[in-house]
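Here the structure comes first, spelled out in structure tokens, and everything after it is commentary.
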Number of protein chains: 2
Amino acid sequence: MKKLLYTLFFIGAVLAFSRANGEVTLKRDRLESPAQGRPETRSQDSLKIKWWNPSQHSSPVIEGQAWPGEVAGFYDRLPARAQKTVREAVWDLSRESAGLLIRFRSDAPEIQVRYTVEDALDMPHMPSTGVSGLDLYSPNEDGQWEWTAGKYSFKDTITYHFQSLPHGNKREYHLYLPLYNKVKWLEIGVSGNAALEPLPPRKEKPIAIYGTSIAQGGCASRPGLAWTSILGRKLNRPVINLAFSGNGRLETALVDLLVELDPALFVIDCLPNMSGFPDDTIKTRLTNTISTLLKKRPGIPVLVTEHADADINSLNTLREGGFDRVNKLAREALTLLKTKGLQPVHLLSAEEIALGIESTVDGVHPNDIGMMEYAQAYEKAIRDILHEKDR
Amino acid sequence: MKKLLYTLFFIGAVLAFSRANGEVTLKRDRLESPAQGRPETRSQDSLKIKWWNPSQHSSPVIEGQAWPGEVAGFYDRLPARAQKTVREAVWDLSRESAGLLIRFRSDAPEIQVRYTVEDALDMPHMPSTGVSGLDLYSPNEDGQWEWTAGKYSFKDTITYHFQSLPHGNKREYHLYLPLYNKVKWLEIGVSGNAALEPLPPRKEKPIAIYGTSIAQGGCASRPGLAWTSILGRKLNRPVINLAFSGNGRLETALVDLLVELDPALFVIDCLPNMSGFPDDTIKTRLTNTISTLLKKRPGIPVLVTEHADADINSLNTLREGGFDRVNKLAREALTLLKTKGLQPVHLLSAEEIALGIESTVDGVHPNDIGMMEYAQAYEKAIRDILHEKDR
């Protein structure tokens, strides 16, 4: 008997140790996923997974997509016809799923997602979880956002496995798609007896954003932490992310698409991609963009965002000047528009965004700290403009 | 004449466009580095680079290294003799340069660093810039920290190029080394006529930290954003990072090394790696660790940190319990120690660290938001314990 007890104790100790080994760790031999704490029980039911492919659904299920009925690829951000009007670089980037999310209801204790993407999984300053990963949020009964990490595996087919979800009642889930990659194919799975009910895009008027890599989501560590995603949760409103890395250049072809929308507000956050242009070009393009929006979409406010922020490169004597120049030109253009009586145009200043030296990964692209600072500044400005109270 | 003007205008427009193309962008064809704003002038002098290899310096130049004269590898964190006493995993991780920094003075307008590393450049949830990158900070005349991004290239030899630095006067620089990789060889270069004066490690008593992947720096987007790095800047004090991913397990072999140090404070932040162990093991190891430190290093305060924070996985019904259990056991162990009259032991609670659902990349490892929250909580706790005023 004593021997049996010792044996059991030994087995227990080994199990405990291997569990310990599976705790908070980051080593490369465990690349697939960080540990999920204690081993989680899995019922037989969970092995029978019922898979759902959103692209085969009869009605639109992608939120943040402005032209759901007109896309060439199911996860595209521009309508198919735009391929003829926008530059090739813009078209290519518009096929990355930045800002898109899938809403559904489920009572499943486990949710799995499997998908494939077209391009490289990561960048030197942005991890796979941000470039090509997923993010799952859910509002609780009090309207507060809840979140959980999924166990991921970045192989030819990427998988995310969300476990130990609060089940029993059907919850609303928001699944954010990759910020810097093109989804080729995707399926969401729940255990066989659980519900998976797709939800249509919300009817509230969205915030429509035309921007650069920063607005596309570079360099958030996961899709839910792009400032456009954070803003959408804070305002509890759909967001249309029309941001194109390096290519938010205030171009007519894009503005002509923007005016087809009927948002609560337009955000023009392109200045970081304008600093290589001559003064005149910057002012002309900004003025034309705003004038067109105000004329073709009268009454919809426009918010122009400065390039934030020179001080993040406090040691780089040349960089500061580049940031300041585009902001000065934008202010001049806006002043001119106001004297012409064109309203309503608003400015979100670099000072309001208030990035610090710890807010970027590379002196330009916000890390998660900078993304949160951007989102907070936007939330405040947009609530003011739309006369919406703080939650 | 008119034709010449048109030609010049056309050339100017093309140049402007190609510069625009080089602005804020994140595309994969520009993987090496984000743009640095306007093209920066480079004098002939900068082409003649004077390279310095810290490993060939006659006296210690690595800060954050507790046993500078006793290391097997120049960028190791444990003394060579530890290879015989610590587990293989701990030894291997101790060769990663987490928390190490090189201090020097320079009046150079440009600083370059080239180096090679042993392991994979990144992880799925932590980019190359954090796993294998560098970070350059400099205190200004008012003692405020300044920072700038370097243009990087992650190839067989990794290079960082810091440009347009404020030159003329010699400034103090702190160069942070990779958080999750082993530096094999490294050289720092300045233009031929600029000064590069190595500085010895500071004499102030350090904060000595024994911890897990979280304290090693996972998943900061760059080395200066690990919480131990932020804390060092906030307190203006050296920090000894003895954190080993997945292997901060309160082991005697490590504690025997810790007691060789003479820090201002010991931090024990191992609980996230203990949750797989049985209750008794957790309490015994924690009690033994603290008792040994207090007995062998009387008068040096010990700060024990809880696993922060259960709520970040608000949707995962099982995970919360795992976090809470180790914290409860730690509180019991500390209470018992206090009744025995062992002093001074302090606790940094999960509530004080106050991570939220946006503070981690994977439900366990802090992103830059979480790193800042950890650093702020530590700063407050340590200033209280050491009776140091806020800056």
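How high is the relative contact order of chain B, in percent, with contacts defined as C-alpha pairs under 8 Å that are six or more residues apart? Walk me through the intermediate numbers first.
On the way: 788 pairs, mean separation 59.1, N = 391.
Once normalised by length, the contact order is 15 percent.
Taking the Cα centre as origin and putting +1 on Lys and Arg beta-carbons and -1 on Asp and Glu beta-carbons, what dipole magnitude results for chain B, to the nearest 20 debye? Numbers along the way, then the final one.
Details: 47 positive and 48 negative charges, 177 e Å.
For chain B, the charge dipole is close to 840 debye.
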If the cut-off is a Cα-Cα distance under 28 Å, which lysines reach A:LYS155, setting aside same-chain residues fewer than 8 apart in sequence?
A:LYS27, A:LYS48, A:LYS50, A:LYS182, A:LYS184, B:LYS27, B:LYS155, B:LYS182
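Can you give the calculated 222 nm mean residue ellipticity of chain A, where each DSSP H run of n ≥ 4 adds -39,500 (n - 2.57) and the sum is split over every residue, rounded to the nearest 500 deg cm²/dmol?
So the helix-based figure for chain A works out to -9000 deg cm²/dmol.
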Below 21 Å Cα-Cα, how many Lys pairs turn up in the range A:207-386? Only count pairs eight or more apart in sequence, or on different chains, if you could.
12
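Quick check: net charge around A:ALA330, other residues with Cβ under 9 Å of its Cβ, Lys/Arg +1 and Asp/Glu -1?
Working: positive: A:LYS283, A:LYS328, A:ARG331; negative: A:GLU306, A:GLU332.
After counting each charged neighbour, the total is +1.
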Per-selection metrics, chain A (Cα): Rg and Dmax in Å:
23.1, 94
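Can you give the Rg to Rh ratio of the range B:207-386, both from alpha-carbon atoms, with Rh computed by the Kirkwood formula? Mind dumping the intermediate values first?
Numbers: Rg = 15.0 Å, Rh = 16.1 Å.
Radius of gyration over Kirkwood radius for the range B:207-386 works out to 0.94.
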The range B:207-386 - share of DSSP beta bridges that are antiparallel (%, nearest 5)
5
Between the helical axis of B:279-296 and the dominant principal axis of chain B, each derived from Cα atoms, what acute angle in degrees is found, rounded to the nearest 10?
80
Acute angle (nearest 10 degrees) that the helix B:2-21 long axis makes with the longest principal axis of chain B, alpha-carbon atoms:
10
Quick check: the angle from helix B:368-386's long axis to the longest principal axis of chain B, C-alpha only, nearest 10 degrees?
50
Given label points at 7 Å from Cα along Cα→Cβ, what nm distances, shortest first, separate B:SER291 from the same residue in every other copy?
8.2
Sorted largest first, the C-alpha extents of the protein assembly as shown along its principal axes in whole angstrom are 90, 74, 44
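Could you please report the charge total around A:VAL302, scoring K, R as +1 and D, E as -1 over all other residues with beta-carbon less than 15 angstrom from its beta-carbon? Let's see the in-between values first.
Values: positive: A:LYS205, A:ARG285, A:LYS295, A:LYS296, A:ARG297, A:ARG331, A:LYS338, A:LYS340; negative: A:ASP262, A:ASP269, A:GLU306, A:ASP384.
Here the charged neighbours net out to +4.
With an 8 Å cut-off on Cα pairs and a minimum separation of 6 or more residues, tell me the relative contact order of the range B:207-386 in percent. Don't skip to the end; give the middle numbers.
Numbers: 323 pairs, mean separation 46.2, N = 180.
Relative contact order, the range B:207-386: 26 percent.
Read the figures in this text as sums done on the coordinates, not as results from a lab. Predicted, not measured: the structure shown is a model, and the values here were computed from it. Every residue, glycine among them, receives a Cβ derived from its backbone with ideal geometry; neighbour counts consider all protein chains shown.
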